Structure formats: structure tokens, C-alpha cells
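Colleague: Supplied in C-alpha cells, the structure appears directly below.
The values are calculated or read from the model by the stated rules, or taken from the named source; none is laboratory data. Predicted model, so just to flag it, every value in this text is computed and none were measured. A quick note on method: Cβ atoms are made from the backbone with ideal geometry, for glycine too, and the neighbour counts reach across all protein chains shown. Side chains are part of the model used for accessible areas, which takes the heavy atoms of the whole protein and leaves out ligands, DNA and RNA. Shrake-Rupley method; radii C 1.70, N 1.55, O 1.52, S 1.80 Å.
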Amino acid sequence: MIRLFLKLAWRNIWRNKRRTLITCSSIMFAVVLAVLLYSVKDGMFEKMIENSVSFFSGSVQIQDSLFFDDRSLDNSFILDSTTKDILVENEEIVSFSTRIESFGLIASDYKTKGAMVIGVDPEQENYITSLKERLIIGSYLNEKDNGVLLGSALAELLSVSANDTIVILGQGFQGASAAGKYPISGIIKLSSPELNRQIIYMPLNLAQDLYGMYDRITTVALKLQHINESENIDNILTAQIPSLNVLNWKEIMPDLDQLIQNEDAENVIFLGILYLLISFGIFGTILMMLHERKFEFGVLNAIGLRNSNLAAIVILENILISLIGSLLGILLSFPVVLYFHINPVRITGDLARVYEDLGFEPVYYFALNADIFINQTLVVLLISIILSFYPAFNLFRLHPVKSMNT
Amino acid sequence: MNSKTITRPVIRTKSLTKIYNGKGIPVKAIDNVDLEIKKGEFTALVGPSGSGKTTLLNMIGGLDQPTSGQVFIDEQDIYKLNNNEIIDFRLNNIGFVFQHFNLLPVLTAKENVEFVMLLQKKSKNERNKIVEWLFEEVGLTEKLNVRPNKLSGGQQQRVAVARAIASRPQFVLADEPTANLDSQSAADLLDLMTKLNKEENMTFIFSTHDQRVIDRARRIITLVDGKIYSDILQNTIKAY
Ligand SMILES: Nc1ncnc2c1ncn2[C@@H]1O[C@H](COP(=O)(O)OP(=O)(O)O)[C@@H](O)[C@H]1O
Ligand SMILES: [Mg+2]
């Protein structure tokens, strides 16, 4: 019988071709818009997370339990072999890098700036954040000399380049003052505009020398196979290493997480309004359809079709229309998303500066996530099912004689 | 009362009454009607417009709840059934032919006739056999796969009769089935119903205004103001 109802529903929706096409195209339009919007949003944020997480913080970090609130080098620790083994044995952890993260004043011959001074093991760090690939001028860190790397925007601010010398001033371990003069071995360009303005890398042993904290580190940055396993791994390691503080990237960068959620809410409001408008259109066609087919529904009920089945046919009709609409929407938006996924759009001019100030890379990245397409189809289906309640309710109460007396 | 099984009533109404409360003034559309229809009858329901023909047919057909009184079909008090039961009862026991727009425009003639049998969950084999036989009977074998809008009014009504019969009901109710037909089509439709009545012993009850149609009936029940005014058997038709 379901085949009979499907056949009826399918043919019914083509009774008024023009109306069905208008409804389908309005749904299609909404789906295309929603897919593009979500694709750019997800793409931008994925990129932003990638820039900050994969290219800098790591998905999960291990710190001394006081370091997060008080980033003093006094809140540092020595990575023992038990903890190391736990990290090595976890399959999800691809690799990890030990660091000293601190702040300092950087002075060139011309200017002084505050900056993040990061001591890293050059090879380990390259393995988890591909730091070497970021190099645009000069050469990479080398444990054997005392050259440092500067973010390109920071170098510009200080009016220095490779082979120039800078001075780092800061506070060392247990109140000692730290100062050192270092040649710039290279300039790096990080995708995150914010980091690019304030970062200095130096070999870990050099940083330990500078700050007087032999063997001590502030941070272990972990690279995971899947970034969305962050919270899971956080929980596992928290249980395994109770003496240290394990943080996932959302905890490390709460601002970024907040930004993503705010943006989500904005999209929901915008699309909510869009879908509401389209719902009115669909509802109008449902009302017209109910009115036009009143007599026919009466006949069907009279000759033996149950009210519930009448309702089922009409619900099927609505579902079919929204499926066609969202399918067309997907067919239309998929190639567009695919194209821009492969060829991201670079923004130039003033707008680019606005994006950079907001902490975004000025590039429109399009995410190619099946989720986006599936979710929009589900949203449209849900809307059409909700809108079907009205005719379904009507048909459940339909009286054959009253229905035919029109 | 004759208690022989062949003549037992298929329809029996008891003090059947329908009162409409249209615009404040109650209208007794059907007033205390006691009526019996036996298997194989060919009955015309006549009377002036507004005399209650449609109301009576609807109540007999399980389409409209009486204000008081009962309708028994095969001794089943049909208004004791719940909504789904009465719909299924209509599906399996009663064939309907309305004045117009009987057929689903999106289905072909064949599919329209098959529709009720699909609801009855009859097998494909059985459906095909009945379809073949019925289209032969109504003389539309070549219109099997044509949609209703490609059929004349008379052809549509013949398909409607085929659909009414397809479920193998106890009887067929037809409310002014010829009202929208020219006289030739009306005569053809009556020929068809007469033939099915004779050959298949199918019980028909139809309302009509048309004297030529009335002449073809065996039993003529005349309604006036919701009451049975006269109930006669016609000898000329008796010859059949
Ligand atoms: N839904 C209704 N509401 C109010 N009055 C009605 C309704 N249906 C029929 N009537 C009244 O009941 C009476 C019988 O109508 P009906 O059965 O349609 O007569 P007929 O079919 O013989 O023309 C008429 O007076 C008509 O106006
Ligand atoms: Mg009438």
C-alpha cells in the first residue's frame, strides 16, 4: 500500500507543475544559501583552528597546574619518563613538543615591542607544527647556534630582518632577570595574523639558558590524529596524569571557541528568518491545495480510504517536494563549494585588514563537509514535516459529506 | 415478514431521522424513515429537490451519522462502528457513484478501478482478473490506460460504476449518477447498471430526477419532505 501512496503522492505533486516548481526552487534557493554560508563559516573556522591549533598551540597541552592562571616561569615542570611513556603509548597522539612559553620585551636598534618568546626543540616542533615551512627569509632554528626566528609582522614592527640582532629582556625562573642578545637566523610568516605580530622562536636549550631553568619546561604541545578528539584525549590524560594540568584547545583558546559559537548563533538567526519566509510560501501552497482537493478527499474517504491514510499521502507529498528542493539545492551548491574548496578566494584591500584585525586569515575557505549538506536537507525535511501537521490534522477530522459539499 | 434467506433485507433502516440545524431553524431532512432493501433490488429514489434523497443515501452509505434511528446492513448496526471500522465497512460492503468527479485525476481508468482493490489488499492476479472483466462489462477496454480528463462524462461515470463494483460490495449507491449526462450517455449508464443487476444480481439504489431513468427502475421510492410518500413496484420492469 505504501507503493500506492507514493505513486499517488508523486503524481499529485505534478498536478500543478508551476506551483511545485516554484516551491521546489524556493527550497533550493534556501538550501544553496545555507550550504554556502555554512561552508564558508566552517571553512574559515576550520582554517582558523588549524592556524592556531595545528600551527601553534597543538590540540591538547600539558602544563603545570598553576601555569594557566599565572604564566610565570616559576610554574614550570620537568617532564618525567612515566609521563613521556603515557604520551608515547597513546595511539591518537601523533607527536608532542616540549616548550617554554613566556613573554618578553624585544628590542631592536630602533624599537621595542612586547612578544611571546617560545623555546622549542627545533625538530620536534617542526614535526608537530611544520614550523620550517613557515620560513620566508634566512634559515631555520639550529640547536648549535643561538639564532632566533621572528614573525614577519613583528620583524616589520621592529624594522629588522635576518642577520640583524635583537635583545630579549624578561623575567627568568625564580625571579632572576633574563637578558640576552641574539642574531635573527630567519623570518617566518604564520597564517594567524595575531601570532605573526608577536612571536619569537628560539631553541629550547637557549631559552632554558636565558631563563635559568635547566631541564624545566612550561608546556607540552600534543598533535592528535583528529582534532575533534581533543576533548576525549583531554579526559583520558587528565585521569592518567593527575599531577599536571591537561587542556584541550577550547580551554587554551576560549576566545576562539566563543567566536565560533557566536557565529553559529548568528547563522541560525539569519537562516531561521530565511526558512521562515520560505515556510510561509510552502504553507500557502498547502492551504490552496487543501482547498482545491477538498471534494476529492471526500470521495476518497467515502470509498474507503482512512483519514490517516489521506494524511499520510499529503505528508508524503510535502516530503517529496522538500526532498526534490533540497536535492536540487545540493546539486547546485556542491560544485560551487567544491570549486572554492579547491580554490579559496583571497580577500584584498580594506576588507582584508578588517579580517586580519578580527584574527582571521583574509581568505574565504570553503569547507567540504557532508554534514553541511545533510544538515540542511534534514532542516528542510523537518520544516516540511512540521508544516504538514496542519493538513494532516485537517484530514484526520475530515467528514466525507461535508468535504464533498463545497 | 418473509424470512427466506434469498429475500432477507441487505439494508434496513429503523426510525431513521436527520435534522439539520442550518441557520437556527431545524430542518427535518429525513423524518422517521423505515425502509428495507433486499438483495438484487434495482431501486430508484425519487422526489423533488430538497426532499431528502441525498441525505437518505448518505446515511444508508455510512457517510453521515443520523440524528436518531438506525441503519442495519446485513444486520450490522453500522453507526455502532468507530470511524476506521465504518470506513473499512464502506470499502468492503458499499459501492459509491457520485454525481460527478468520482475519479482521481492522477490515476488512469484502470488504476482508479484498481484503487479500492489495493486498499482491500487483493492480489495482483485477482485485481487483473476483475479489471479485465469489468472493463469488458462497461465497454471501455481500449480506455484502460487513459486518465479521466481524456474520457467523456458518460465514460467517466461508467468507470465509476466499475470502481463501485470492483470491491464486490453488497450494494451500490448512486446519487443522481446521470444528472450531468446527455440522454444517450444516461441511457448507456442505465443499460450497464441494469445488466450488472441482472447478470451479477448486484443491488443498486440510485436517486434521480429523470423520468426516463425512473422508468427503468423496478422499485420506485418517492420521498416528500423527508418522508416516504410512496413505494411501488413497476410491472414493466418485472418482466426482466
Ligand atoms: N449540510 C446541510 N445543512 C443544512 N441543511 C441541509 C444540509 N444538507 C441538506 N440540507 C437540507 O436537508 C434537506 C434535504 O436535502 P437533500 O438530502 O440534499 O435533498 P435532495 O437530495 O433530495 O435534493 C433540504 O431541505 C436541504 O436544504
Ligand atoms: Mg441530492
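Colleague: Scan the stretch A:63-78 and tell me whether some residue there is under 30 Å from the mean Cα position of the chain (by Cα), within 24 Å of residue A:174 (Cα to Cα) and small (Gly, Ala, Ser).
Modeller: For the stretch A:63-78, residues under 30 Å from the mean Cα position of the chain (by Cα), within 24 Å of residue A:174 (Cα to Cα) and small (Gly, Ala, Ser): present.
Colleague: Any idea which of B:37, B:86 is closer than 22 Å to residue B:14 by Cβ, away from ligand 1 (no atom under 16 Å from the Cβ) and not in a helix (DSSP H, G or I)?
Modeller: B:37
Colleague: Sticking with this one: All but one of (1) crowded, with 21+ Cβ neighbours inside 10 Å; (2) in contact (Cβ under 8 Å) with a residue 40 or more places away in the chain; (3) away from ligand 2 (no atom under 16 Å from the Cβ) hold for residue B:18; which doesn't?
Modeller: (3)
Colleague: Which residues, counting only those in the stretch B:82-98, are without any contact (Cβ under 8 Å) to a residue 24 or more places away in the chain and surrounded by 15 or more Cβ atoms within 10 Å (Cβ to Cβ)? Write out each step before concluding.
Modeller: Of all residues in the stretch B:82-98, those without any contact (Cβ under 8 Å) to a residue 24 or more places away in the chain come to B:82-85, B:87-88.
If the condition is that a residue be without any contact (Cβ under 8 Å) to a residue 24 or more places away in the chain and surrounded by 15 or more Cβ atoms within 10 Å (Cβ to Cβ), then B:87, B:88 are the ones that fit.
Colleague: Any idea which of B:172, B:146, B:213, B:224 is within 16 Å of ligand 1 (Cβ to nearest atom), out of contact with any Leu (no Cβ under 7 Å at 6 or more places or on another chain) and either at pLDDT below 95 or of a type in the set (A, V, I, L, M, F, W, C) (or both)? Show your work before the answer.
Modeller: On the way: B:172 fails: within 16 Å of ligand 1 (Cβ to nearest atom); B:146 fails: within 16 Å of ligand 1 (Cβ to nearest atom); B:213 fails: out of contact with any Leu (no Cβ under 7 Å at 6 or more places or on another chain).
None of the other options fit; the residue is B:224.
Colleague: Go through the stretch B:166-191 and report how many residues are more than 16 Å from ligand 2 (Cβ to nearest atom), surrounded by fewer than 19 Cβ atoms within 10 Å (Cβ to Cβ) and under 15 Å from the mean Cα position of the chain (by Cα).
Modeller: 2
Colleague: Same structure, new question: I'm told residue B:64 meets every condition in (1) more than 12 Å from the chain's Cα centre (by Cα); (2) more than 16 Å from ligand 2 (Cβ to nearest atom) except one. Can you identify the failing condition by its number?
Modeller: (2)
Colleague: Also, I was wondering about something else. So, residue B:37, is that one more than 9 Å from every other protein chain (Cβ to nearest Cβ), open to solvent by less than 10 Å² (accessible area, probe 1.4 Å) and either under 28 Å from residue A:15 (Cα atoms) or in contact with a strand residue (DSSP E or B) (Cβ under 7 Å, 6 or more places away or on another chain) (or both) or not? Quick ask: steps written out before the conclusion?
Modeller: Numbers: more than 9 Å from every other protein chain (Cβ to nearest Cβ): yes; open to solvent by less than 10 Å² (accessible area, probe 1.4 Å): yes; either under 28 Å from residue A:15 (Cα atoms) or in contact with a strand residue (DSSP E or B) (Cβ under 7 Å, 6 or more places away or on another chain) (or both): yes.
In short, yes.
Colleague: Let me ask you something else. Residue by residue through the stretch A:349-398, note down the ones that are surrounded by fewer than 16 Cβ atoms within 10 Å (Cβ to Cβ) and within 14 Å of chain B (Cβ to nearest Cβ).
Modeller: Hits for the stretch A:349-398 are A:396, A:397.
Colleague: Now for a separate question. Just a yes or no: is a residue in the stretch A:347-356 farther than 28 Å from residue A:385 by Cβ and outside any helix (DSSP H, G or I)? Even if it seems obvious, please write down each step before you answer.
Modeller: Residues of the stretch A:347-356 farther than 28 Å from residue A:385 by Cβ: A:347-356.
Add one more test, that the residue is outside any helix (DSSP H, G or I), and what stays is A:347-348.
Among the residues of the stretch A:347-356, at least one is farther than 28 Å from residue A:385 by Cβ and outside any helix (DSSP H, G or I), which makes the answer yes.
Colleague: Restrict the check to the stretch B:89-99 and report whether at least one residue is within 16 Å of ligand 2 (Cβ to nearest atom) and either among the small types (Gly, Ala, Ser) or not in a loop (DSSP other than H, G, I, E, B) (or both).
Modeller: So in the stretch B:89-99, the residues within 16 Å of ligand 2 (Cβ to nearest atom) come out as B:96-99.
Then drop every residue that is not either among the small types (Gly, Ala, Ser) or not in a loop (DSSP other than H, G, I, E, B) (or both), which leaves B:96-97.
Checked against the condition, which is being within 16 Å of ligand 2 (Cβ to nearest atom) and either among the small types (Gly, Ala, Ser) or not in a loop (DSSP other than H, G, I, E, B) (or both), the stretch B:89-99 yields at least one hit.
Colleague: If you don't mind, another one. May I ask you to say which residue of A:57, A:108, A:102 is modelled with pLDDT under 90 and surrounded by 16 or more Cβ atoms within 10 Å (Cβ to Cβ)?
Modeller: Working: A:108 fails: modelled with pLDDT under 90; A:102 fails: modelled with pLDDT under 90.
Answer to the selection: A:57.
Colleague: If residue A:332 passes every condition in (1) under 38 Å from the mean Cα position of the chain (by Cα); (2) within 14 Å of chain B (Cβ to nearest Cβ) but one, which one does it miss?
Modeller: (2)
Colleague: Related question: Scan the stretch A:171-222 for residues that are farther than 14 Å from residue A:101 by Cβ, surrounded by fewer than 20 Cβ atoms within 10 Å (Cβ to Cβ), within 30 Å of the chain's Cα centre (by Cα) and at pLDDT 90 or above and report the count.
Modeller: The number of residues fulfilling the criteria is 2.
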